[in-house]
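In what follows, a single structure is set out as C-alpha cells and then discussed.
The values are calculated or read from the model by the stated rules, or taken from the named source; none is laboratory data. No experiment lies behind these values; they were computed from the predicted model shown. All Cβ positions, even for glycine, are placed from backbone atoms using ideal geometry, and neighbour counts span all protein chains on display.
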C-alpha cells in the first residue's frame, strides 16, 4: 500500500517537473509561441565558419543541378548513382543536316564536344538522393554538379530547398516535348529524302 502511494507521488512530481519546464519555455517564447512557425519563419543562415572552406565546398549536403546545354547523354552519372535516383532517357540525334539547328539540345557543348544523343528525360529524385556526390565525378562535360561552393558561379548555394509536397523534389531538367520534336524532325528528314 505504501509503494502504491509512493508511485503516485513520484509520477505526480515528475509530471509537475516536466510541465514546469514546458511552461518556462512557453512563457519565455516570442509572442507566446513555443515553436518556430516553419513556412513563414526560418532559422537564420549561420554567418560563422561552420567547419568547411567555402572554396572546397562540394562535399556537404546540397542540391544537384544539371546544365542541360552541356549534357551529352552518356549516362555515366546514372550508372554511378548508388541509389538510382537519376533517370535518363536518350534518343539518337538525327543526321547532321541543315535542320539540326531546329533542335535545341543537339549541337556542341561549351567544352566543344559534339552531341550524338538528345536527352529526352533527365530526372533527379532528391527524396532518394543520399548526397554522396558520386554522380558528379564521372561526367565528362561537368554538367551535373552540387550547387554552391566552387560551382557558385554556375548556380548559387541552396541553403534550404524543402517543399510541402514530396513530388516537388523530383527535378526534371530535360525540356518537355523533346522526344516528340525529335520524332517530327526525323519524319521531316525522311520526307525530304
Regarding residue 130, is this residue within 11 Å of the chain's Cα centre (by Cα), over 27 Å from residue 41 (Cβ atoms) and at pLDDT 60 or above? yes
Looking at residue 104 and the list (1) at pLDDT 85 or above; (2) under 21 Å from residue 154 (Cβ atoms), which single condition is not satisfied? (1)
Can you work out which of the residues in the range 73-90 that are at pLDDT 90 or above and part of a loop (DSSP other than H, G, I, E, B) is nearest to residue 169 (Cα to Cα)? 85
